[in-house]
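Shown next, in structure tokens, is the structure this report addresses.
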Amino acid sequence: MMFWVRHVTAYTYSDPVDLSTHLLHLKPRALPGQRVIQARIRALPAPDHVTETHDHFGNAATRLYIARPHMHFEVHAEALVEVDLPTPPPPETTLPWEEVARLAAEGAGECAMAAEFSFGSAQAPVLAAATEFARASFPPGRPILAGLLDLNSRIMREFTFQAGVTSISTPVEEVLRMRRGVCQDFTHLMLSALRGLGLPARYVSGYIRTRPLPGQQRRRGADQSHAWVGAWMGPDHGWVDLDPTNSLVVKEEHVVLAHGRDFQDISPVRGVILGGGQHRLSVSVDLEPEGGN
């Protein structure tokens, strides 16, 4: 599937911003099964300095510096991406989950890169309550992918999607207590649960294709940024992406932006400003198939 991605983030300030610097994770990541044909970022006002680099996790990162007063800041990101992520192996052919945890704990050779994601982080810490929640999906000897799929579906069944009851700073223990939240909350919960068992799991930011209700027109800018979990199945099978908000195995209707330990590592737009006072934020996202099909 070929997608056009268009993402606009706009800030309007009550007072002038004298200078600002911003770190952007808005260029899709090249992966096996995801080919980035083109990607560009445009900012208003035009930055005085732009640096294109890669961060610690291998994500494309753009740094902007604006050294003149402004009342408004916009970032326009556009990319053409071809997506056809690999189909996971049959669950029964994957390693027992305890073996995956052991390999991660040893961290030898190619397992070392995965092992980094088995430790707690600021927004997805190792918590006893989250670990206990995960245990029902991981009885002794269960193949890792079977356990992952079970946990992925349990989160969708047992938690209610509800916008407005949490923020990006809501801790995992509060999400567990309320049993409601949004994709970022469910992703952080699943990360915390898996890491408590010693299983490497990473935060994945990106987009998911949305469809209008029957009889309704598709609205421009109405698509959404999304988040889900990448889980490591061992050196033979590598990573699988799972969407606990929708109980899906990620394949061809998601576009990956970046990988990190949690949202803080790969926030699409973050920065430091001098001045500005209060601000108003708006975000518009479109994920459209090439050719409009």
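The values are calculated or read from the model by the stated rules, or taken from the named source; none is laboratory data. The structure presented is a predicted model; accordingly, all values stated were derived computationally and were not measured. We place every Cβ from the backbone using ideal geometry, glycine too, and count neighbours over all the protein chains shown. Please note that ligands, DNA and RNA were not included when accessible areas were found on the heavy atoms of the full protein model with its side chains. Shrake-Rupley method; radii C 1.70, N 1.55, O 1.52, S 1.80 Å.
Here are a few things to note about the model shown:
- Any hit, region 2-11, residues being among the polar types (S, T, N, Q), open to solvent by less than 30 Å² (accessible area, probe 1.4 Å) and touching a Ser or Thr at 6+ places or on another chain (Cβ under 9 Å): yes
- Among residues of region 230-245 that are more than 17 Å from residue 262 (Cβ to Cβ), those with a Cβ under 6 angstrom from a residue that is open to solvent by 20 Å² or more (accessible area, probe 1.4 Å) and assigned to a loop (DSSP other than H, G, I, E, B), sequence gap 6+ or separate chain, pair up as 234/95; 235/110; 237/89; 240/88.
- Only listed residue being under 23 Å from residue 93 (Cα atoms), in contact (Cβ under 8 Å) with a residue 40 or more places away in the chain and of a type outside the set (Val, Ile, Thr), chosen from 122, 114: 114
- Scoring residue 56 on the criteria (1) open to solvent by 50 Å² or more (accessible area, probe 1.4 Å); (2) more than 17 Å from the chain's Cα centre (by Cα) leaves a single failure, condition (2).
- Within region 147-205, the residues that satisfy the criterion of being open to solvent by 30 Å² or more (accessible area, probe 1.4 Å), of a type in the set (A, V, I, L, M, F, W, C) and more than 15 Å from the chain's Cα centre (by Cα) are 149, 156, 161, 163, 165, 178.
- Going through (1) among the β-branched types (Val, Ile, Thr); (2) open to solvent by 30 Å² or more (accessible area, probe 1.4 Å); (3) closer than 25 Å to residue 272 by Cα one by one, residue 75 falls short only on (2).
- Members of region 92-120 found to be part of a helix (DSSP H, G or I), crowded, with 19+ Cβ neighbours inside 10 Å and touching a His at 6+ places or on another chain (Cβ under 9 Å), listed by number: 117
- Taking the conditions (1) in contact with a helix residue (DSSP H, G or I) (Cβ under 9 Å, 6 or more places away or on another chain); (2) modelled with pLDDT under 95 in turn, residue 257 satisfies each one other than (2).
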